[in-house]
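Visitor: Take a look at this one; I'll ask things after.
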Amino acid sequence: MRTRLIAVILIPLIGVLLVLGGAFAVSAAHSVQQQFHAQQLGDLATFATSARQALLTGNAAVVDGEAQRYRELYGTRIVVVDRTGSPITADGEQAAELDASTTTQIALALSGRRGEPSQDVSPWQFGDAVLVEPVFDGRDVVGAVVVVSSTEAARGEILRQWGVLAVIALLATSVAVFVVVRLAAWVLKPVQRVDEAMEAIERGDMDARIADDTGPPELRRMILLFNNMAGEIERVMSRQQEFALNASHELRNPLNALLLRVEVLATGLGPEWHDDVEETREEGRRITRILDTLLSFARSGHGDASLARVDLARVAEGRIDAWRDAAARKSIEFELSGPSRVFSVTDRTIIESALDAIIDNAVKFSPDGSRIQVATQRFDGGGCGIVVRDHGPGLAEEELEHAAERFWRSAGNQNVPGSGLGLAIATDLLVSVRGRLTVAAPGGGGLAVTLRLEDGEQG
């Protein structure tokens, strides 16, 4: 943002400076050119009278001395020609140096008209500037005066003025860049602080705030609104945390009582109930682990995963057994496939809870007498997971991206009991162990939900 803001301000500003600088440069060059041509005209006026006298008397000495002085002092050559175009003051070498353009101007002057300068004075144009003036005796043209002036001094003056303009433009640009950069930093500093505060809140630092007097007045209202929003988020999360802590704590007492009751009842049951009692104990212990995980989430905002080497095939098999009775009420059968050993370093309780949410969703939406396919899988490029495929109504292609959103229900499935939280909970659980959940609509109908873990190994 800072770079874009600086560019938005500087580009038009530099454009304006270039336009103004170019205009001043053209004006300066034009001024020097006018002064140079004025000087040439002054030289012509100076020699016009003496040139007429020399032409009428035939005595070149009248102008030779002054012409020589001009040449030595200013580098300006003065050539006087008669009505035939022959020089009377220049030697043969000087006459030979008069080019075709000068000869044309001399012819024009001998016809009674003043010639135009042979070239403008510009830094990129070299050579002498020539100006020719006719010499009259009454109404008759008796000759012409040729002024051949060096443009070196004029070109140097133009370059000097352009250099001054360039330095001024460079200084102005530097000052503008400095001011714009400082201004952008001043304007964007509160925005940067808002960004830093948002990142801090994302990391779990709910105390992050911004001073109310930060930045210009136009941004202080935004900062005030941000601080109010952060405070409200902190209060909401605090209430949620308190609820989770209280709920977890209150659930422990009846759970412990229930487990104790199971142990008491188990003493009066025969050996044929041993497997059922053990499964009940295991489910009780699993619920205890879930409550521990919930307490960890509530205290820290994220779960403290207990990582270990977990066989996903065994996890899938165990959760299918736990859900088999619930599925049997709708005459739904489970089909387990895939590799018999698929290992991942993850948290077993979190994976079981996420898989429970997925299977619960599949059982809920599967029609009576259908089949739910559960498959362990190793993915190309690494990673492993569990795929749960049902044959229910499924979702349209445009609905798939909403499947894991909290409280979202498809318009076609509103009559099915549920809260719309199952897949959302599974997604949140998997994030805590660097996993993810994907939902797809396979051919043949139904829904395929994939529990994917990046850390997988072959058993």
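Visitor: Go through (1) modelled with pLDDT under 85; (2) over 22 Å from Lys330 (Cβ atoms); (3) out of contact with any strand residue (DSSP E or B) (no Cβ under 6 Å at 6 or more places or on another chain) for Asn413 and report which single condition fails.
Guide: Status for Asn413: all satisfied but (2).
Visitor: Can Phe47 be described as within 27 Å of Gly163 (Cα to Cα) and at pLDDT 75 or above? Steps first, answer last, please.
Guide: Numbers: within 27 Å of Gly163 (Cα to Cα): no; at pLDDT 75 or above: yes.
Taking the combined requirement at face value, the residue does not satisfy it.
Visitor: What residue, among those in the stretch 50-85 that are assigned to a loop (DSSP other than H, G, I, E, B) and within 23 Å of Ala129 (Cβ to Cβ), is modelled with the lowest pLDDT? Break it down into steps so the answer makes sense when it comes.
Guide: Within the stretch 50-85, the subset assigned to a loop (DSSP other than H, G, I, E, B) is 58-60, 75-76, 83-85.
Now restrict to residues that are within 23 Å of Ala129 (Cβ to Cβ): 75-76, 85.
Values: Gly75: 70, Thr76: 76, Gly85: 76.
By that ranking, first place goes to Gly75.
Visitor: Can you name the number of the only condition in (1) modelled with pLDDT of 75 or more; (2) under 48 Å from the mean Cα position of the chain (by Cα) that Ser331 fails?
Guide: Against the list (1) modelled with pLDDT of 75 or more; (2) under 48 Å from the mean Cα position of the chain (by Cα), Ser331 comes up short only on (2).
Visitor: Next question. Inspect the stretch 114-123 for any residue being out of contact with any Leu (no Cβ under 6 Å at 6 or more places or on another chain), modelled with pLDDT under 75 and within 25 Å of Thr57 (Cβ to Cβ) and give the result as yes or no. It would help to see each step written out before you state the result.
Guide: Taking the stretch 114-123 first, the residues out of contact with any Leu (no Cβ under 6 Å at 6 or more places or on another chain) are 114, 116, 118-122.
With modelled with pLDDT under 75 added as a condition, the list becomes 114, 116, 118-122.
The next check asks that each one be within 25 Å of Thr57 (Cβ to Cβ); those that pass are 114.
Checking the stretch 114-123: at least one residue is out of contact with any Leu (no Cβ under 6 Å at 6 or more places or on another chain), modelled with pLDDT under 75 and within 25 Å of Thr57 (Cβ to Cβ).
Visitor: Name the residue that is farthest from the chain's Cα centre (by Cα), counting only residues in the stretch 236-280 that are among the polar types (S, T, N, Q) and either under 25 Å from Asp321 (Cβ atoms) or not assigned by TED's automatic domain parsing to the domain that holds Leu291 (or both). Walk me through how you get there before you give the answer.
Guide: Initially, the stretch 236-280 is screened for residues among the polar types (S, T, N, Q), giving 238, 240-241, 246, 248, 253, 256, 267, 280.
Pick out the ones that are also either under 25 Å from Asp321 (Cβ atoms) or not assigned by TED's automatic domain parsing to the domain that holds Leu291 (or both) and you get 256, 267, 280.
Details: Asn256: 56, Thr267: 70, Thr280: 57 Å.
The extreme case among them is Thr267.
Visitor: Within the stretch 289-328, which residues are modelled with pLDDT under 75 and in a helix (DSSP H, G or I)? Quick ask: steps written out before the conclusion?
Guide: Within the stretch 289-328, the first condition is being modelled with pLDDT under 75, and the residues that meet it are 289-306.
Of everything in the stretch 289-328, those that are modelled with pLDDT under 75 and in a helix (DSSP H, G or I) turn out to be Arg289, Ile290, Leu291, Asp292, Thr293, Leu294, Leu295, Ser296, Phe297, Ala298, Arg299, Ser300.
Visitor: Look at the stretch 210-243 and say how many of its residues are surrounded by 12 or more Cβ atoms within 10 Å (Cβ to Cβ), at pLDDT below 70 and in contact with a Phe, Trp or Tyr (Cβ under 8 Å, 6 or more places away or on another chain).
Guide: Total satisfying the criteria: 1.
Visitor: Which residue is surrounded by the fewest Cβ atoms within 10 Å (Cβ to Cβ), if the candidates are limited to the stretch 140-181 and must be acidic (Asp, Glu) and touching a residue at least 24 places away in the same chain (Cβ under 8 Å)? So that I can check it myself, show each step before the final result.
Guide: Of all residues in the stretch 140-181, those acidic (Asp, Glu) come to 140, 152, 157.
Now drop any that are not touching a residue at least 24 places away in the same chain (Cβ under 8 Å), which leaves 152, 157.
Working: Glu152: 13, Glu157: 18.
Applying the filter and picking the extreme gives Glu152.
Visitor: Quick one: would you say Asp455 is closer than 26 Å to Leu336 by Cβ, modelled with pLDDT under 80, in a loop (DSSP other than H, G, I, E, B) and under 37 Å from the mean Cα position of the chain (by Cα)? Walk me through it before giving the result.
Guide: Working: closer than 26 Å to Leu336 by Cβ: yes; modelled with pLDDT under 80: yes; in a loop (DSSP other than H, G, I, E, B): yes; under 37 Å from the mean Cα position of the chain (by Cα): yes.
In short, yes.
The values are calculated or read from the model by the stated rules, or taken from the named source; none is laboratory data. In this text the structure is predicted, and so the values were computed from the model without any measurement. Cβ: placed from backbone, ideal geometry, glycine included. Neighbour counts: every protein chain shown.
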